[in-house]
1. Taking the conditions exactly as written (in contact (Cβ under 8 Å) with a residue 40 or more places away in the chain, over 23 Å from residue 237 (Cα atoms) and within 15 Å of the ligand (Cβ to nearest atom)), does residue 157 satisfy them or not?
2. When the residues of region 99-132 are filtered to those that are farther than 30 Å from residue 38 by Cα and in a helix (DSSP H, G or I), which remaining residue is nearest to the ligand (Cβ to nearest atom)?
3. Is it the case that residue 238 is surrounded by fewer than 24 Cβ atoms within 10 Å (Cβ to Cβ) and touching a residue at least 40 places away in the same chain (Cβ under 8 Å)?
4. Looking at (1) within 21 Å of the chain's Cα centre (by Cα); (2) assigned to a loop (DSSP other than H, G, I, E, B), which is the only condition residue 155 fails?
5. Within region 241-255, count every residue that is farther than 10 Å from residue 194 by Cα and surrounded by 23 or more Cβ atoms within 10 Å (Cβ to Cβ).
6. Of the conditions (1) assigned to a helix (DSSP H, G or I); (2) under 17 Å from residue 85 (Cβ atoms), residue 303 fails just one. Which one is it?
7. Against the definition (surrounded by fewer than 18 Cβ atoms within 10 Å (Cβ to Cβ), over 23 Å from residue 43 (Cα atoms), at pLDDT below 95 and more than 15 Å from the ligand (Cβ to nearest atom)), how does residue 189 come out, yes or no?
Ligand SMILES: NCc1[nH]cc(CCC(=O)O)c1CC(=O)O
């Protein structure tokens with residue numbers, strides 16, 4: 001019996017059921033069980049940004065990692081973009097399944113269904129500092145209004161008068177079978193996705209060889225190279241998942257292209273850079289792009305976001 005732990009949100013459960021379905025295909029004789037765990041992120045109604053400023057990077061995952069260490073669960077399924085770039089002692093990411101669409105999407109009211117067509121001063125709901133900064137860089141006239149909660153809560157908020165449109169990750173809507181709600185895929189040249197967006201991580205105990213083998217059966221090497229480049233870039237900046245940082249890697253014809261953006265919180269400045277190389281060098285490429293950008297002024301933007 002392999003116990004797979006996750007948060008209890010609709011999205012967390014949907015992605016964990018998908019993972020267990022894939023694992024069952026690979027290991028038809030193994031029994032899998034899903035165990036839901038409540039985290040600080042699920043319980044805290046305060047603003048995400050305030051929690052991040054307290055340096056609390058892992059508010060979606062601490063309780064899940066405790067359950068893993070205590071052997072109450074054997075595999076933890078996480079959204080990769082919520083996972084800090086370092087794992088605690090004794091735990092490791094042992095498998096990265098194939099990524100779905102990494103882009104952000106717009107969902108708007110009638111007549112508010114494309115970013116370029118939104119009226120002057122339109123109100124956009126998001127609580128992500130990255131989405132806010134890139135939106136304001138593209139359209140400084142827009143008003144970004146704080147909106148947090150799970151996908152269902154955020155979609156429901158669109159019915160109120162407070163928002164003309166909201167921005168979400170495509171992956172969350174695709175995984176919860178709500179793809180039909182997407183009005184526009186926002187292209188990465190307007191809004192670069194978060195590092196790891198659209199990818200999952202299976203975390204296990206480092207000494208649990210049997211479970212590691214089970215998890216690794218659904219590992220995807222190309223996704224791993226892409227997200228490694230993106231996360232090394234984020235780590236190299238000394239930034240967490242709450243910084244106005246975007247990163248997106250793609251692999252074509254055996255070449256990995258990594259793009260990184262760092263923004264001022266108000267969108268008044270965005271530093272952009274791109275690098276290309278062999279996918280085998282993905283970690284170094286991420287680290288090098290980060291140090292190039294720090295030298296180009298990204299340090300001041302990161303410091304300002306953290307202060
Ligand atoms: N921070 C919450 C979160 N974590 C992962 C996803 C979406 C799914 C993914 O990126 O894999 C979301 C919701 C959102 O950003 O719209």
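1. Values: in contact (Cβ under 8 Å) with a residue 40 or more places away in the chain: no; over 23 Å from residue 237 (Cα atoms): yes; within 15 Å of the ligand (Cβ to nearest atom): yes.
Taking the combined requirement at face value, the residue does not satisfy it.
2. To start, the set of residues in region 99-132 that are farther than 30 Å from residue 38 by Cα comprises 108-123.
Now restrict to residues that are in a helix (DSSP H, G or I): 115-117.
Details: 115: 16, 116: 21, 117: 22 Å.
Among residues in region 99-132 that are farther than 30 Å from residue 38 by Cα and in a helix (DSSP H, G or I), the one nearest to the ligand (Cβ to nearest atom) is 115.
3. Numbers: surrounded by fewer than 24 Cβ atoms within 10 Å (Cβ to Cβ): yes; touching a residue at least 40 places away in the same chain (Cβ under 8 Å): yes.
It is true that residue 238 is surrounded by fewer than 24 Cβ atoms within 10 Å (Cβ to Cβ) and touching a residue at least 40 places away in the same chain (Cβ under 8 Å).
4. Unmet condition: (2).
5. Within region 241-255, the first condition is being farther than 10 Å from residue 194 by Cα, and the residues that meet it are 249-255.
Subset that is surrounded by 23 or more Cβ atoms within 10 Å (Cβ to Cβ): 249.
Count: 1.
6. Going through the list (1) assigned to a helix (DSSP H, G or I); (2) under 17 Å from residue 85 (Cβ atoms), residue 303 breaks only (2).
7. Values: surrounded by fewer than 18 Cβ atoms within 10 Å (Cβ to Cβ): yes; over 23 Å from residue 43 (Cα atoms): yes; at pLDDT below 95: no; more than 15 Å from the ligand (Cβ to nearest atom): yes.
Against the criterion (surrounded by fewer than 18 Cβ atoms within 10 Å (Cβ to Cβ), over 23 Å from residue 43 (Cα atoms), at pLDDT below 95 and more than 15 Å from the ligand (Cβ to nearest atom)), residue 189 does not qualify.
For every residue, the table says whether it meets (1) free of Cβ contacts under 8 Å to residues at least 40 places away in the same chain; (2) surrounded by fewer than 20 Cβ atoms within 10 Å (Cβ to Cβ).
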position: 71; (1), (2): no, yes
position: 78; (1), (2): no, no
position: 89; (1), (2): yes, yes
position: 105; (1), (2): no, no
position: 112; (1), (2): no, no
position: 116; (1), (2): yes, yes
position: 123; (1), (2): no, yes
position: 129; (1), (2): no, no
position: 134; (1), (2): no, no
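The values are calculated or read from the model by the stated rules, or taken from the named source; none is laboratory data. Predicted model only: the values in this text are computed from it and were never measured. Note that each Cβ is placed from the backbone with ideal geometry, even for glycine, and that neighbours are counted across all protein chains shown.
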